[in-house]
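I have placed the structure first, in the form of structure tokens, so that the comments after it can refer back to it.
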Protein chains: 2
Amino acid sequence: MTIYRYKENPLITPIDVPPLHEGFEVIGAFNAGVAKYKNETILLLRVAERPVSKDSQVIKAPVYDCQTEKIVIHRFNRSDKTYDFEDPRMIRSKDKMDGFSFLTSLSYIRIARSQDGHTFTIDDQAFLYPSNRYQTYGVEDARCTQIGDDYYINFSSVSEMGVCDSLVVTKDFVTYQDKGNIFAPENKDVLLFPEKINGKYYALHRPSLKSIGNYDIWIASSPDIEAWGNHHHLLGVRPEKWDSGRIGGGLVPIKTAKGWLEIYHGATAEHRYCMGAVLLDIDDPTIVLARTETPIMEPEEDYEKKGFFGDVVFGCGGILEGDTLIMYYGVADTSMAGCEIKISDILAQLEAESNR
Amino acid sequence: MTIYRYKENPLITPIDVPPLHEGFEVIGAFNAGVAKYKNETILLLRVAERPVSKDSQVIKAPVYDCQTEKIVIHRFNRSDKTYDFEDPRMIRSKDKMDGFSFLTSLSYIRIARSQDGHTFTIDDQAFLYPSNRYQTYGVEDARCTQIGDDYYINFSSVSEMGVCDSLVVTKDFVTYQDKGNIFAPENKDVLLFPEKINGKYYALHRPSLKSIGNYDIWIASSPDIEAWGNHHHLLGVRPEKWDSGRIGGGLVPIKTAKGWLEIYHGATAEHRYCMGAVLLDIDDPTIVLARTETPIMEPEEDYEKKGFFGDVVFGCGGILEGDTLIMYYGVADTSMAGCEIKISDILAQLEAESNR
């Protein structure tokens, strides 16, 4: 697979983004949803801000308070035996190590704009900021699906009640209509298909399961893009492979002559995130036609391997120009990078590896 | 609260139900959905069958095979250190003790019919039997909502891929139309409201959350009763109370002059299951008007306290006759019992305890 990584990479880093909160630092500007709006490339950046802690023994957890509309900071001492602080992203209760009690940063969605797709300017304010009780721990990892003049933006809403997937619709990236939680918790990596198929909307989603089951990709359909049913298991993790630990939809599915092309992320149990591809039937996307055995993209560059949470390439969106996919992707849970990949190359890899 | 428990209780026990599978024993006939159809009271029994094991060291796990349409039996030795066998309902991997790897019985839905509501005859065959890859571990805990001539029956579909909620619709309790998985995993205790409210269907549901959140009741709405969105958190567990561990919808919501009356189950961390009540706004059931502080019903009788999994009363359905609710309820994950409760008594308790 030939991938042309932009020479300017990383395109946006935390130091490019001034924090919105006094006493906070931006530790991540990553995992952006992507749209083409008028002549601009729009990145719906996930900006993660963390309260500055001068004492390395003190871990802080910011939580949005719906009543006061302010952030409350919870403080923990690293010596507190009740909690585990090893994962820098979260504070975990020692009796619930597969979940989290608090996050160490609060994320929101902020727009970066570009004329040339390489140099971006960051909006002064947030586009999507926590605004209800499902978002007290932040909003994360937006994806953007254009249908006509409408841009559907869905994202994770995180709170102590769970992780939902929520939807807003905008026509101008200034105002939006709130459609609430479209997937019940616990669910992430929802990708809305860009058109109806046989009269129905479709979405990929990735439930996180408690009692039994893996971090697999499911597919659902909808009459109105807000209510979802007809849930089917689509794609599972694969033992021993690069996508053995968890998988989830990445970019909005791309319509090709061969079928719906989904570029998804997969990680090992050790949290090394790569991107792979799967081809779905054009008339019935619940049918998997082909899947790459090897990743189409792996963390290779220094900015992909090192950061707040290293060894991560995490694409959430792209722009198609003929056969060229301009993919913007989060790196190391820290920054944004860009690259170009030929759709025909991905389809060739899918065909070659499916015939092996 | 005055509860008139039927003198014939338990009404149906495992010995009343001949197993459908050779070499199996029925260990449970419980947690039935309830319907009034023509002159009959219909119980949609959850029948749990277990492969007989003559060797107490050997634990067997039955799994439905979609290809052969037969049950495959997996065998485990009690001395196997990889697994935990303490909970008689399941086989748990020791590195995932909050979930399960296999179930020790396979459940399906079988109809019991009665003219008088006290004595029941059991159908010879299953009404709902595993039929797809989401049901390889069985189907469990049906609820039945009548809307006009249609009876909507939803239930848990359990497989190694997760626990979904599925829906079928019948007009005659003989044939049915399959509507697939209406709630993505992991979800249980879905209760469909018996009429549209402001043009939309509503349902209670109870997601099981992995990373963060409790076993709480959520509410969703739907344009067509198959696709669900607009998810809201409705009711949480309450520390230190009888419903501190987990809660879930029980009976189909009952329309009263005071609002929608939901009789739900709550359990402690020690798995003692009681029934409580909550009152929801008649025009907007996402609004909680009142909730009982104490249970309306607790395990008291011997048949409620002792069994396959004791200390459980678990109502999944009832029949309303004027002010009298005839509630049928599972006891000790083993048998079915019946009782009568006055709706006015429940509403009085709700009012008294909410004003405290």
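The values are calculated or read from the model by the stated rules, or taken from the named source; none is laboratory data. Because the structure is a prediction, the values reported are computed rather than measured. Here Cβ is always computed from backbone atoms with ideal geometry, including for glycine, and neighbour counts include all displayed protein chains.
Which one of A:Thr119, A:Thr170, A:Thr104, A:Thr136 is out of contact with any strand residue (DSSP E or B) (no Cβ under 8 Å at 6 or more places or on another chain), of a type outside the set (Lys, Arg) and modelled with pLDDT of 95 or more?
Exactly one residue qualifies, and that residue is A:Thr119.
List the pairs whose first member sits in segment A:86-99 and is in contact (Cβ under 8 Å) with a residue 24 or more places away in the chain, whose second member is surrounded by 13 or more Cβ atoms within 10 Å (Cβ to Cβ) and part of a strand (DSSP E or B), and whose Cβ atoms are under 7 Å apart, counting only residues at least 6 apart or on separate chains?
Here the result reads A:Arg89/A:Leu103; A:Ile91/A:Ile59; A:Ile91/A:Ala61; A:Ile91/A:Phe76; A:Ile91/A:Tyr83; A:Ile91/A:Phe102, each pair linking segment A:86-99 to a residue that is surrounded by 13 or more Cβ atoms within 10 Å (Cβ to Cβ) and part of a strand (DSSP E or B).
I need the full set of residues from segment A:315-333 which are surrounded by fewer than 24 Cβ atoms within 10 Å (Cβ to Cβ) and within 18 Å of A:Ala267 (Cβ to Cβ), in order please.
Once the filter is applied, which keeps residues that are surrounded by fewer than 24 Cβ atoms within 10 Å (Cβ to Cβ) and within 18 Å of A:Ala267 (Cβ to Cβ), segment A:315-333 yields only A:Asp333.
Residue under question is A:Leu234, and the condition is that it be in a strand (DSSP E or B) and either of a type in the set (D, E, K, R) or free of Cβ contacts under 8 Å to residues at least 60 places away in the same chain (or both); does it hold?
yes
Only one residue in A:Glu49, A:Glu86, A:Glu40 is surrounded by fewer than 19 Cβ atoms within 10 Å (Cβ to Cβ) and under 30 Å from A:Gly117 (Cα atoms). Which one?
Going through A:Glu49, A:Glu86, A:Glu40 in turn, the sole match is A:Glu40.
Before we move on, is B:Arg50 at negative phi, touching a Gly at 6+ places or on another chain (Cβ under 9 Å) and basic (Lys, Arg)?
yes
Is it the case that segment B:57-65 has a residue that's in contact (Cβ under 8 Å) with a residue 24 or more places away in the chain and within 14 Å of chain A (Cβ to nearest Cβ)?
For segment B:57-65, residues in contact (Cβ under 8 Å) with a residue 24 or more places away in the chain and within 14 Å of chain A (Cβ to nearest Cβ): present.
For residues that are closer than 22 Å to A:Ile15 by Cα and of a type in the set (A, V, I, L, M), scanning just segment A:110-159, find the one that is surrounded by the fewest Cβ atoms within 10 Å (Cβ to Cβ).
A:Ala126
Residues A:Ala48, A:Ala35, A:Ala29: which one is among the hydrophobic types (A, V, I, L, M, F, W, C) and touching a Pro at 6+ places or on another chain (Cβ under 6 Å)?
A:Ala29
Looking only at segment A:237-262, count how many residues are assigned to a strand (DSSP E or B) and of a type in the set (Ser, Thr, Tyr).
Result for segment A:237-262: 1.
Any residue at all in segment A:95-106 that's out of contact with any Pro (no Cβ under 8 Å at 6 or more places or on another chain) and of a type in the set (Lys, Arg)?
yes
Of all residues in segment A:313-331, which are touching a helix residue (DSSP H, G or I) at 6+ places or on another chain (Cβ under 7 Å) and more than 16 Å from A:Ile346 (Cα to Cα)?
Hits for segment A:313-331 are A:Val313, A:Val331.
Of all residues being surrounded by 22 or more Cβ atoms within 10 Å (Cβ to Cβ) and hydroxyl-bearing (Ser, Thr, Tyr) in segment B:198-221, which is nearest to the other protein chains (Cβ to nearest Cβ)? Just the residue, please.
Looking at the filtered set, the residue picked out is B:Ser208.
When A:Glu270 is evaluated against the numbered criteria (1) at pLDDT below 95; (2) among the charged types (D, E, K, R); (3) in a strand (DSSP E or B), which criterion, by number, is the only one it fails?
The failed condition is (3).
Could you say whether any residue in segment A:27-38 is basic (Lys, Arg), in a strand (DSSP E or B) and in contact (Cβ under 8 Å) with a residue 40 or more places away in the chain?
The answer is yes, given that some residue of segment A:27-38 is basic (Lys, Arg), in a strand (DSSP E or B) and in contact (Cβ under 8 Å) with a residue 40 or more places away in the chain.
In segment B:185-197, which residue that is within 11 Å of another protein chain (Cβ to nearest Cβ) and part of a strand (DSSP E or B) is farthest from B:Gly318 (Cα to Cα)?
Ranking the candidates gives B:Asn187 first.
If B:Leu261 satisfies every condition in (1) in contact with a Gly (Cβ under 9 Å, 6 or more places away or on another chain); (2) modelled with pLDDT of 95 or more but one, which is the exception?
(1)
If you check A:Pro253 against the conditions, is it surrounded by 18 or more Cβ atoms within 10 Å (Cβ to Cβ) and either of a type outside the set (A, V, I, L, M, F, W, C) or modelled with pLDDT of 95 or more (or both)?
Yes; evaluated as a whole, the condition is true for this residue.
Could you check segment B:222-244 and list, in sequence order, the residues that are more than 7 Å from every other protein chain (Cβ to nearest Cβ) and under 23 Å from B:Val168 (Cβ atoms)?
Across segment B:222-244, the qualifying residue is only B:Ile225.
Please indicate, with yes or no, whether at least one residue in segment A:168-184 is crowded, with 22+ Cβ neighbours inside 10 Å, more than 16 Å from the chain's Cα centre (by Cα) and either in a loop (DSSP other than H, G, I, E, B) or away from every other protein chain (no Cβ under 14 Å) (or both).
The answer is yes, given that some residue of segment A:168-184 is crowded, with 22+ Cβ neighbours inside 10 Å, more than 16 Å from the chain's Cα centre (by Cα) and either in a loop (DSSP other than H, G, I, E, B) or away from every other protein chain (no Cβ under 14 Å) (or both).
Test A:His265 against the criterion of being more than 10 Å from every other protein chain (Cβ to nearest Cβ), buried (at least 23 other Cβ atoms within 10 Å of the Cβ) and in a strand (DSSP E or B), and give yes or no.
Here the answer is yes, as A:His265 does meet what is asked.
May I ask you to list pairs of residues, at least six apart or on different chains, whose Cβ atoms are under 8 Å apart, with the first in segment A:155-179 being closer than 16 Å to A:Gly248 by Cβ and hydrophobic (A, V, I, L, M, F, W, C) and the second being modelled with pLDDT under 95 and not in a strand (DSSP E or B)?
Nothing qualifies.
Those residues that are among the hydroxyl-bearing types (Ser, Thr, Tyr) and closer than 20 Å to B:Asp281 by Cα, I need them from segment B:335-356; list them, please.
B:Ser344, B:Ser354
Could you look through segment A:45-69, keep only residues that are under 25 Å from the mean Cα position of the chain (by Cα) and among the basic types (Lys, Arg), and pick out the one that is farthest from A:Asn31 (Cα to Cα)?
A:Lys60
Taking segment A:307-331, which residues are modelled with pLDDT of 95 or more, more than 14 Å from A:Arg143 (Cα to Cα) and not acidic (Asp, Glu)?
Those that are modelled with pLDDT of 95 or more, more than 14 Å from A:Arg143 (Cα to Cα) and not acidic (Asp, Glu): A:Val312, A:Val313, A:Leu320, A:Gly322, A:Thr324, A:Leu325, A:Ile326, A:Val331.
Pull up segment A:97-156, narrow it to residues that are in a loop (DSSP other than H, G, I, E, B) and under 26 Å from A:Tyr202 (Cα atoms), then point me to the one that is nearest to the other protein chains (Cβ to nearest Cβ).
Result: A:Tyr134.
Any residue that is crowded, with 18+ Cβ neighbours inside 10 Å, under 20 Å from B:Val190 (Cβ atoms) and acidic (Asp, Glu) - is there at least one of those in segment B:281-290?
No, segment B:281-290 contains no residue that is crowded, with 18+ Cβ neighbours inside 10 Å, under 20 Å from B:Val190 (Cβ atoms) and acidic (Asp, Glu).
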